[in-house]
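What follows is a short report on a single structure.
The values are calculated or read from the model by the stated rules, or taken from the named source; none is laboratory data. Here the structure is a predicted model, which means the values were calculated and not measured. All Cβ positions, glycine included, derive from the backbone under ideal geometry; neighbour counts span all protein chains shown.
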């Protein structure tokens, strides 16, 4: 194989750990998710379970030869490239010194008997380091306007006034001043309504629910101020997340789990592919990376998020930004891209904007 500048070369590996690092680089270069790799392998007649691939890349032991073959072929390697991967693996497996240095944590010393497949979707979220980041900033508290009632003096027709004339004039002046103030306040309200486009507070269309704060458990993730919720397209295998009408059937179902102070994992339950996690592929190195569902535990994906409240000192929280934690492209938010008024618009990593357009979400609880 004659590797290009970005092609991982297995011949550079001197230990099993370095060999696995190059396999990870091969997957990153392919741009394929675990799910897509499994589908491609199946089309070639190979067996490549998604959880097995995740487990293989997370360990520092050499994979079985048949697993290596299926994986490298699914990543698009040519027959000559596959032969080199297999040759290097055989050479490393015969070097006892390297196996001693990189023995499994579970005590397995035989790289060819690595058959225990751990489902990464069942990884305990509590294993994450809670001290890596602080919690989200507190939400701005809402405020309420006070109502003032003014009672006019009572008296029937012909009833003589007991108030001196000067006091009467002062009272009438006060009543007139209060009335003018009321008109001014009403004018400000109309201006504010027009400024919000006639949608009411926080720019919500009439009748749409207010933003709901994140909480552990099953949720429906709504694009704030709209009738769209997050989902996948049925019959596809990419894991791409879209906005779809909330009245559509849930596909998949989502839930929130904590992975440390101020950090969250968005867990998906897909009827065809089972449990997984929402995330950003390739560590977020590509600025417009897709926001997608795939298997949990892929070390190349960003799967932890900060759910940051967005608002102003003058109003309540308008929604929550989904901010990838540790993305290689800092200052980014999960964003509805393309036509934000249309169903099936995709979600991707994009720069956080001051107005948070297409970047605010609500986490409605399920029973």
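Return a yes/no flag: does region 248-257 have any residue that is modelled with pLDDT of 95 or more and closer than 24 Å to residue 337 by Cβ.
Yes, some residue in region 248-257 is modelled with pLDDT of 95 or more and closer than 24 Å to residue 337 by Cβ.
Give 260, 284 a once-over and let me know the one that is more than 14 Å from the chain's Cα centre (by Cα), assigned by TED's automatic domain parsing to the domain that holds residue 342, touching a residue at least 60 places away in the same chain (Cβ under 8 Å) and crowded, with 18+ Cβ neighbours inside 10 Å.
Working: 284 fails: more than 14 Å from the chain's Cα centre (by Cα).
Only one candidate passes the filter, namely 260.
Mind listing whichever residues of region 42-51 are surrounded by fewer than 21 Cβ atoms within 10 Å (Cβ to Cβ), within 30 Å of the chain's Cα centre (by Cα) and assigned to a helix (DSSP H, G or I)?
42, 51
How many residues does region 287-306 contain that are surrounded by 24 or more Cβ atoms within 10 Å (Cβ to Cβ) and on the phi > 0 side of the Ramachandran plot?
Total meeting the criteria: 0.
Within region 21-39, can one find any residue that is over 23 Å from residue 284 (Cα atoms), out of contact with any helix residue (DSSP H, G or I) (no Cβ under 8 Å at 6 or more places or on another chain) and either touching a residue at least 60 places away in the same chain (Cβ under 8 Å) or buried (at least 16 other Cβ atoms within 10 Å of the Cβ) (or both)? I'd like the intermediate steps shown before the answer.
First pass over region 21-39, keeping only residues over 23 Å from residue 284 (Cα atoms): 39.
Imposing the further condition that a residue be out of contact with any helix residue (DSSP H, G or I) (no Cβ under 8 Å at 6 or more places or on another chain) reduces the set to 39.
So of that shortlist, the ones also either touching a residue at least 60 places away in the same chain (Cβ under 8 Å) or buried (at least 16 other Cβ atoms within 10 Å of the Cβ) (or both) come out as 39.
Among the residues of region 21-39, at least one is over 23 Å from residue 284 (Cα atoms), out of contact with any helix residue (DSSP H, G or I) (no Cβ under 8 Å at 6 or more places or on another chain) and either touching a residue at least 60 places away in the same chain (Cβ under 8 Å) or buried (at least 16 other Cβ atoms within 10 Å of the Cβ) (or both), which makes the answer yes.
Scanning for something under 20 Å from residue 260 (Cα atoms) and surrounded by 15 or more Cβ atoms within 10 Å (Cβ to Cβ), does region 341-348 turn up at least one residue? Please lay out each step first, then the result.
Within region 341-348, the subset under 20 Å from residue 260 (Cα atoms) is none.
No, region 341-348 contains no residue that is under 20 Å from residue 260 (Cα atoms) and surrounded by 15 or more Cβ atoms within 10 Å (Cβ to Cβ).
Which count do you get for residues in region 217-252 that are under 18 Å from residue 294 (Cα atoms) and without any contact (Cβ under 8 Å) to a residue 60 or more places away in the chain?
7
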